[in-house]
1. I want to confirm something. Restricting to the range 165-213 and keeping residues that are aromatic (Phe, Trp, Tyr) and surrounded by 17 or more Cβ atoms within 10 Å (Cβ to Cβ), which single residue is nearest to residue 48 (Cα to Cα)?
2. What is the residue count in the range 54-76 for residues that are closer than 25 Å to residue 91 by Cα and within 18 Å of the chain's Cα centre (by Cα)?
3. Can you pull out the residues in the range 151-164 that are of a type outside the set (Ser, Thr, Tyr) and either part of a strand (DSSP E or B) or crowded, with 19+ Cβ neighbours inside 10 Å (or both)?
4. Of the residues that make up the range 74-95, is at least one at pLDDT below 90 and either crowded, with 17+ Cβ neighbours inside 10 Å or of a type in the set (Phe, Trp, Tyr) (or both)?
5. Do we find a residue being closer than 22 Å to residue 40 by Cα and in contact with a Leu (Cβ under 9 Å, 6 or more places away or on another chain) anywhere in the range 88-99?
6. Restricting the first residue to the range 196-212 and requiring it to be in the same structural domain as residue 167 (by TED's automatic domain parsing), which pairs with a second residue that is surrounded by fewer than 15 Cβ atoms within 10 Å (Cβ to Cβ) and in a strand (DSSP E or B) meet a Cβ separation below 9 Å and a spacing of at least six or different chains?
7. Being in contact with a Leu (Cβ under 9 Å, 6 or more places away or on another chain), within 16 Å of residue 121 (Cα to Cα) and among the hydroxyl-bearing types (Ser, Thr, Tyr) is the requirement here; does residue 185 meet it?
8. Among the listed residues 90, 122, 138, identify the single one that is among the polar types (S, T, N, Q), closer than 27 Å to residue 220 by Cβ and more than 15 Å from the chain's Cα centre (by Cα).
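The values are calculated or read from the model by the stated rules, or taken from the named source; none is laboratory data. Model, not experiment: these values are computed from the prediction. Neighbour counts run over all protein chains shown; Cβ positions are idealised from the backbone, glycine included.
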Amino acid sequence: MKKIISMIGLFCISIAILSGCSTEQNNYTEKNYTADSSQIQTIEIDTADRKIDIELSDDNQIYIDYFESEKEFYNITVSDDRTLTMSYDTNKQWTDYIGFNAPLQTRTIRVRIPQALLSSLTIKTTNEDVTLPSLTVTDSVSIYVNNGNIQFDTLDAGNTISLETKNGNINGTILGSYDDFTIESFAKSGENSLPESKEGGNKTLKVYTNNGDIQMDIKQ
């Protein structure tokens, strides 16, 4: 029994040492990306452990401010069909996941986009929130967050709005009237201000949360 306790103690000490080492090795540098919105129709962001703040730009440029390290970085590409894709990549070892998270500032992606010039916006992230301003896109908005919230002022999309969280809330206002939308919504282990099912609209609104609340309005 004493031998087992000693081994557990040594293991805990080793973990603590590795934890201290891992936090010192991951230094972050701020990066900036700029694109002319006339060259971009769609933005797709697929990341992990990052907060996503969408804001409006005051010109026709798209700006992305983010942080990278030697172990955590992003691939940003623009396809022939004018889709800007930002995807997270890492070469972390298992010891790098021990210890405290990096400061939230270095784990925040700030995206500034012009109003009503995008066709579609797609966002996926984990363990942090997604926030949006009053935003209009001509086609669709799709947001998925695992272990975080979706918070927005007003969303207006020409065809489809799809919002989903696990262990998080969804809050905001959809621009339009109930007659505009075919609605599917469900809040497992939470409250839901939307009807779970409604047909007849020429637009689609899908909202789901597992272990969270849906607090949304539809207003003209």
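1. Top of the filtered list is 208.
2. Number of matching residues: 10.
3. Listed by number, the residues that qualify are 151, 152, 153, 155, 156, 157, 161, 163, 164.
4. Checked the range 74-95: at least one residue is at pLDDT below 90 and either crowded, with 17+ Cβ neighbours inside 10 Å or of a type in the set (Phe, Trp, Tyr) (or both).
5. no
6. Partner pairs satisfying both residue conditions: 208/188; 209/188; 210/188; 211/188; 212/188.
7. So residue 185 fails the test.
8. Being among the polar types (S, T, N, Q), closer than 27 Å to residue 220 by Cβ and more than 15 Å from the chain's Cα centre (by Cα) holds for just one of 90, 122, 138, which is 138.
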